[in-house]
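What follows draws every value from the coordinates through simple rules; no lab data is involved. Every value quoted in this text rests on a predicted model; they were computed, and no experiment measured them. Cβ atoms come from the backbone with ideal geometry, glycine included; neighbour counts cover every protein chain shown.
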Amino acid sequence: MAKAVKLADIAMQLGVSTVTVSKALSGQKGVSEAMREKIKQLADELGYKQPSAARKEKADKSYNIGVLVSEKYLGEYASFYWKLYQSVATRAVQKECFTMLEVVSQEDEDAARLPKIVLEQKADGLIVIGKLRSEYLGELRQSSGIPVVYLDFYDEHQMSDAVISNSYYGTYMLTNYLFDKGHRKIAYVGTLLATASITDRYFGYAKSMLEHGQQIAGEWVIPDRDMRYGVVRVDIDPKSMDDAPTAFVCNSDLTASMLIGRLEELGYRVPEDFSVVGFDNYLYPGLCDVEITTYEVDLKEMAVMAIRVLLKKMGGERYKQGISIIEGRMVEKDSVSMCRDGKFSET
């Protein structure tokens with residue numbers, strides 16, 4: 001790529017100051033007409049473009065954006081990722097760009113086979129929604145040769161540009177909320193290390209527990225999914241626990257809905273017998289009769305940030321590298337009540 005011509009390049013060749021060049025090209029006074037013509041002629045020969053014209057050209061440029069998502073995130077109830085993709089596609093259209101969705105099969109992910117939109121050079125840049133295997137991401141990074149932004153996850157093994165929700169602080173807020181409602185025995189539902197977000201949410205929960213002087217019993221950390229395929233399933237019977245919790249912090253609304261369903265199968269009620277909170281504020285319609293108190297992820301702002309970063313990378317512009325964290329908000333609904341016995345001392 002040819003180096004952009006600067007005012008200083010023109011000034012050096014003509015033996016004048018950059019101020020003189022700037023005045024001549026912007027039509028200001030203080031420059032003779034003969035010198036003004038020389039400066040304009042040389043600027044044209046060198047291909048100099050005014051910053052405003054260069055910005056307009058970049059703004060008018062249209063890109064093809066490839067969007068990758070693993071098939072394991074698009075199961076029967078995994079509507080969160082469909083909604084996130086829709087937010088990305090909507091924002092891309094607003095920026096005069098086009099999106100192409102490719103679902104990565106489990107076989108291709110395991111074998112680290114590049115997607116067709118990369119192999120066929122159809123995409124100018126990529127947004128990867130949801131965590132894929134590190135080996136796949138490594139092959140994508142090394143072989144694609146195009147800008148990539150991760151959305152709703154980050155790669156723990158290498159520096160990357162990523163946009164995520166505030167999993168740590170969001171779950172910290174939710175757990176504090178349960179303490180405010182009188183709960184002390186609070187469990188976490190999520191398979192640790194399955195994804196970075198699930199693990200980050202656990203640490204937010206753990207921080208609140210620590211600050212309230214509560215020990216986390218091993219049986220209070222309850223797995224919810226298969227590590228390889230990500231299939232979500234919650235199988236729990238509080239009666240089988242030595243010291244049953246009164247509340248559960250779930251890593252997603254989907255997990256929370258399945259936990260509530262399981263508790264109802266066992267004859268319990270939410271929130272009368274147990275309180276439950278989730279994360280995302282997005283759930284497949286009709287999946288749960290109880291409105292779940294949760295931390296709402298700002299899908300639109302995450303999509304806006306992901307497109308913004310990718311456009312700057314594709315356009316060769318400067319941008320803030322690394323992980324961008326998008327704040328959400330806690331939403332109170334119907335799945336939490338004051339602790340049933342209320343007999344708790346202050347910690």
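Just to be sure I understand: with springs between alpha-carbon atoms less than 10 Å apart, which residue in 26, 240, 62 has the highest mean-square fluctuation in the Gaussian network model of the chain?
Checking each option, the largest mean-square fluctuation is seen for 26.
Going by alpha carbons, how many degrees (0 to 90, nearest 10) lie between the helix axis of 253-265 and the longest principal axis of the chain?
Helix 253-265 sits at roughly 10 degrees to that axis.
Run through the DSSP bridge list for the chain and note the antiparallel percent, rounded to the nearest 5.
Rounded to the nearest five, the antiparallel share is 10 percent.
Taking residue 239 as the anchor, which lysines have their alpha carbon closer than 26 Å to its alpha carbon, excluding any fewer than eight residues away along the same chain?
181, 185, 343
Rounded to the nearest 500 deg cm²/dmol, what is the calculated helix-only ellipticity per residue at 222 nm for the chain, with -39500 (n - 2.57) per DSSP H run of length n ≥ 4?
Result for the chain: -12000 deg cm²/dmol, rounded to the nearest 500.
What is the fewest-to-most order of 124, 152 by other Cβ atoms lying within 10 Å of their Cβ?
Going from sparsest to densest Cβ surroundings: 124, 152.
How big is the charge dipole of the chain about its Cα centre, in debye rounded to the nearest 20, if each Lys and Arg gets +1 on its Cβ and each Asp and Glu gets -1 on its Cβ?
For this selection, approximately 2060 debye.
When the chain is treated as a GNM, springs tying every alpha-carbon pair under 10 Å, which of 42, 287, 259 comes out with the largest mean-square fluctuation?
Comparing 42, 287, 259 in the GNM, the peak value goes to 42.
Taking the number of other C-beta atoms within 10 Å as the exposure measure, put 212, 183, 157 in order starting with the fewest.
Fewest to most other Cβ atoms nearby, the residues stand as 157, 212, 183.
If you take every DSSP beta bridge whose two residues both sit in segment 167-297, what share of them, in percent to the nearest 5, is antiparallel?
In segment 167-297, DSSP labels about 10 percent of beta bridges as antiparallel.
Do you know the relative contact order of the chain, to the nearest whole percent, from alpha carbon pairs under 8 angstrom that are 6+ apart?
16
Among [x] 49; [y] 40; [z] 32, which one is percent of Cα pairs over 30 Å apart computed from these coordinates?
Correct label, based on the coordinates given: [x].
Give me the extension gain from residue 62 to residue 94: residue separation times 0.36 nm, minus the current Cα-Cα distance, reported in nm with one decimal.
This chain segment gains 10.4 nm when fully extended.
If packing is taken as the average number of other Cβ atoms within 10 Å across a peptide's residues, how do 331-338, 175-182 rank, most packed first?
By packing density, highest mean first, the sequence is 175-182, 331-338.
Once you place label points 7 Å from the Cα toward the Cβ at residue 264 and residue 319, how far apart are they in nm?
So the two model labels end up 4.3 nm from each other.
State, to one decimal in nm, how far the label point of residue 185 lies from the label point of residue 334, with both points 7 Å from Cα in the Cβ direction.
2.7
Full extension from residue 8 to residue 71: what is 0.36 nm times the residue separation minus their Cα-Cα distance, to one decimal in nm?
Result: 17.4 nm gained on full extension.
Could you tell me how many degrees, from 0 to 90 and to the nearest 10, lie between the Cα long axis of helix 33-46 and the main elongation axis, the longest principal axis, of the Cα atoms of the chain?
Roughly 50 degrees between the two axes.
What do you get for the angle between helix 196-211 and the principal long axis of the chain? Use alpha-carbon atoms, 0 to 90 degrees, nearest ten.
Approximately 60 degrees, to the nearest ten.
Holding the Cα-Cα limit at 25 Å, pick out from 6/40; 61/131; 83/207 the pairs that are longer than that.
From 6/40; 61/131; 83/207, over 25 Å: 61/131; 83/207.
Would you work out which of 293, 282, 188 lies farthest towards the positive end of the dipole of segment 167-297, given +1 charges on the beta-carbon of Lys and Arg and -1 on that of Asp and Glu, about the Cα centre?
Comparing the listed Cα positions along the dipole, 188 ranks first.
Using a Förster distance of 56 Å, how high is the FRET efficiency between residue 44 and residue 135, based on the Cβ-Cβ distance and rounded to 0.05?
Using R0 = 56 Å, I get an efficiency of 0.65.
Pulled fully out, how much extra length does the chain show between residue 287 and residue 241, if you take 0.36 nm times their separation in residues and subtract their Cα-Cα distance?
13.9 nm
Show me, for segment 217-224, the HN-Hα J-couplings you get by feeding each phi into the Karplus relation (A = 6.51, B = -1.76, C = 1.60, θ = phi - 60°), rounded to Hz, glycine and proline as x.
5, x, 6, 8, 10, 10, x, 9
Based on the mean of other Cβ atoms within 10 Å per residue, sort peptides 275-285, 213-223 so the most packed one is first.
So the order, starting with the most tightly packed, is 275-285, 213-223.
Using a 7 Å offset from the Cα along the Cα-to-Cβ direction at both residue 121 and residue 82, what is the distance between the two label points in nm, to one decimal?
For the pair residue 121/residue 82, the computed spacing is 3.6 nm.
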